[in-house]
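So the structure is just underneath, and the comments pick up after that.
The values are calculated or read from the model by the stated rules, or taken from the named source; none is laboratory data. Since this is a predicted model, take the numbers as computed values, not measurements. Cβ sites come from the backbone with ideal geometry, for glycine too, and all protein chains shown count toward neighbours. To get the accessible areas, we keep the full protein, side chains included, count just its heavy atoms, and leave off ligands, DNA and RNA. Shrake-Rupley method; radii C 1.70, N 1.55, O 1.52, S 1.80 Å.
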Amino acid sequence: MNISFWEVVSASVVLFAVLDIFGSMPIVIGIRDRGEKVDAWKSTLVAFVLLFGFMYLGEALLKLFSIDINSFAVAGAIVLLILGMEMVFGLQIFKQDAPTNSASIVPLAFPLLAGPGSFTTIISLRAEYSDINIIIALIINMFIVYIALHSTERISKFLGVAGVYVTKKFAGIILLAISVRLFITNISPLLSNISQ
């Protein structure tokens, strides 16, 4: 085991930016406001299992279905784009047909926490850092995610109705920007492959 403090710090910062749990707070608050239960422990555990699993099995799983990482990221970018549009424009595009109290898993654990951006990032980090350092960074980030999800009610009370509204709109724009960047970054290689 080659544990490097700087690799852990660097990977933690990258994952923190991509997971963006504090940017997702308005979505979590919105889910709670709809009367759905958010289980912080379940969301964190499912997100960790998905990210850890994808770290080792992701590329093989996508190859099994003849899907490359770019196609997967583009599909995920579209999902994030729709979520962002819901937040900014006050729409409801996603039909609430999931089982009762499943919001902790969909859309929270997937695709908000463990989604195309974080999946792609995990695979990219493996090319630069040793696995043990990425795993430690992932555990650190999951701890932050748990604390944030566990404190949503306090955050909601602190912000107030107006604060939640403004934060939700701002986070929606950020989510739209992330989805556009993810789409553009991954559509270029796909188009170049088609043109060849």
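The table that follows gives values for the structure above.
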read-out: Residue count for region 15-26, restricted to those that are open to solvent by 60 Å² or more (accessible area, probe 1.4 Å) and part of a helix (DSSP H, G or I); value: 2
read-out: Within region 182-196, tally of residues that are loosely packed, with under 13 Cβ neighbours inside 10 Å and among the hydrophobic types (A, V, I, L, M, F, W, C); value: 3
read-out: Test: residue in region 45-52 that is in contact (Cβ under 8 Å) with a residue 24 or more places away in the chain and on the phi > 0 side of the Ramachandran plot; value: no
read-out: Matching entry among Leu91, Leu62 (being free of Cβ contacts under 8 Å to residues at least 60 places away in the same chain, open to solvent by 10 Å² or more (accessible area, probe 1.4 Å) and under 30 Å from Ser10 (Cβ atoms)); value: Leu62
read-out: Criterion: open to solvent by less than 30 Å² (accessible area, probe 1.4 Å), of a type in the set (Gly, Ala, Ser) and closer than 13 Å to Met25 by Cβ - qualifying residue of Gly160, Gly172; value: Gly172
read-out: Test result for Ile144, out of contact with any strand residue (DSSP E or B) (no Cβ under 9 Å at 6 or more places or on another chain), open to solvent by 50 Å² or more (accessible area, probe 1.4 Å) and among the β-branched types (Val, Ile, Thr); value: yes
read-out: Residue selected from region 46-95 under the condition part of a loop (DSSP other than H, G, I, E, B) and of a type outside the set (Val, Ile, Thr), by the criterion nearest to Ser118 (Cα to Cα); value: Asp68
read-out: Unmet criterion (only one of (1) under 15 Å from the mean Cα position of the chain (by Cα); (2) open to solvent by 40 Å² or more (accessible area, probe 1.4 Å)) for Ser179; value: (2)
read-out: Residue list for region 27-45, filter: assigned to a helix (DSSP H, G or I), within 25 Å of Val166 (Cβ to Cβ) and either more than 15 Å from the chain's Cα centre (by Cα) or at pLDDT 85 or above (or both); value: Val28, Ile29, Gly30, Ile31, Arg32, Asp33, Ala40, Ser43
read-out: Filter result (open to solvent by 50 Å² or more (accessible area, probe 1.4 Å) and of a type outside the set (Ser, Thr, Tyr)) within region 40-59; value: Trp41, Lys42, Leu45, Phe48, Val49, Leu50, Phe52, Leu57, Glu59
read-out: Residues (within 18 Å of Ser124 (Cα to Cα) and among the aromatic types (Phe, Trp, Tyr)) located in region 1-15; value: Trp6
read-out: Filtered residues of region 46-96 (kept if within 14 Å of the chain's Cα centre (by Cα) and at pLDDT 85 or above); value: Val46, Ala47, Phe48, Val49, Leu50, Leu51, Phe52, Phe54
read-out: Among (1) open to solvent by less than 50 Å² (accessible area, probe 1.4 Å); (2) assigned to a loop (DSSP other than H, G, I, E, B), the one test that Val8 misses; value: (2)
read-out: Residue satisfying all of: in region 103-137; open to solvent by less than 20 Å² (accessible area, probe 1.4 Å) and outside any helix (DSSP H, G or I); nearest to Leu80 (Cα to Cα) among these; value: Gly115
